[in-house]
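One structure is given here, and the rest of the page talks about it.
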């Protein structure tokens, strides 16, 4: 099994039932945040979460801790845990950092990657292309096909798969997860056909060993998503009330 496949498929729990419950609580809570069932800024009360997901306090604590490390949940001494709010400043920082680290990983992979790495990049793209982005029969808004999300992660992971720094690959994966809730906003009005073509040209430039072109296309891909997020956040923002004395 390729590295991308291993990442795309959740590992089976090998320990106790408590571990299984923690993984389940994390996955369900994460999906509810990404689907905006739990809205940005809302307070996450542990007892309510235990009842909602039918688990004890320990799995919920583990889930919240993991989501906090991914930037989806915020913990404060005064309010406990809350769903993270959207921030253009954070989005800009995420995009810049993703560009820096993924450029290093992609350039090194192009320089050192072998035929098996190339085949994995191509295979990951074809799997992404064959996976529906949205669940059939449902509106695109709030529609998350988990299989597509896994294929998307596998493709981006494959691009830097020949990088010789496991630290850098780990950081890139952390940034991918941290960006997930912003990608959910981009999907509100995104064009799936155009986004697939972006992945295609990145794949082709990568396996053709055109490092400068591949990096430029990948960075443009990140920026396009960020622009969609900014646009959609502006559309979702409530209109400011008129100032006193003005119509």
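Structure values in brief
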read-out	value
One residue from 83, 55 being farther than 22 Å from residue 175 by Cα and either in the same structural domain as residue 165 (by TED's automatic domain parsing) or touching a residue at least 24 places away in the same chain (Cβ under 8 Å) (or both)	55
Selection from the range 58-80 of residues that are over 15 Å from the mean Cα position of the chain (by Cα) and either in a strand (DSSP E or B) or in contact (Cβ under 8 Å) with a residue 40 or more places away in the chain (or both)	58, 59, 62, 63, 74, 75, 76, 80
Qualifying residue in the range 130-138 (condition: in contact (Cβ under 8 Å) with a residue 40 or more places away in the chain and assigned by TED's automatic domain parsing to the domain that holds residue 178)	yes
Unmet requirement for residue 63, which otherwise passes all of (1) surrounded by fewer than 19 Cβ atoms within 10 Å (Cβ to Cβ); (2) over 24 Å from residue 221 (Cα atoms); (3) at pLDDT 90 or above	(1)
Condition met for residue 208 (in contact (Cβ under 8 Å) with a residue 12 or more places away in the chain and either within 17 Å of the chain's Cα centre (by Cα) or surrounded by fewer than 19 Cβ atoms within 10 Å (Cβ to Cβ) (or both))	no
In the range 110-126, the residues that are loosely packed, with under 12 Cβ neighbours inside 10 Å and not in a helix (DSSP H, G or I)	114
Condition check for residue 105: crowded, with 18+ Cβ neighbours inside 10 Å and either free of Cβ contacts under 8 Å to residues at least 12 places away in the same chain or farther than 26 Å from residue 145 by Cα (or both)	yes
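The values are calculated or read from the model by the stated rules, or taken from the named source; none is laboratory data. Predicted model, so just to flag it, every value in this text is computed and none were measured. For neighbour counting, all protein chains shown are included, and Cβ atoms are generated from backbone atoms with ideal geometry for every residue, glycine included.
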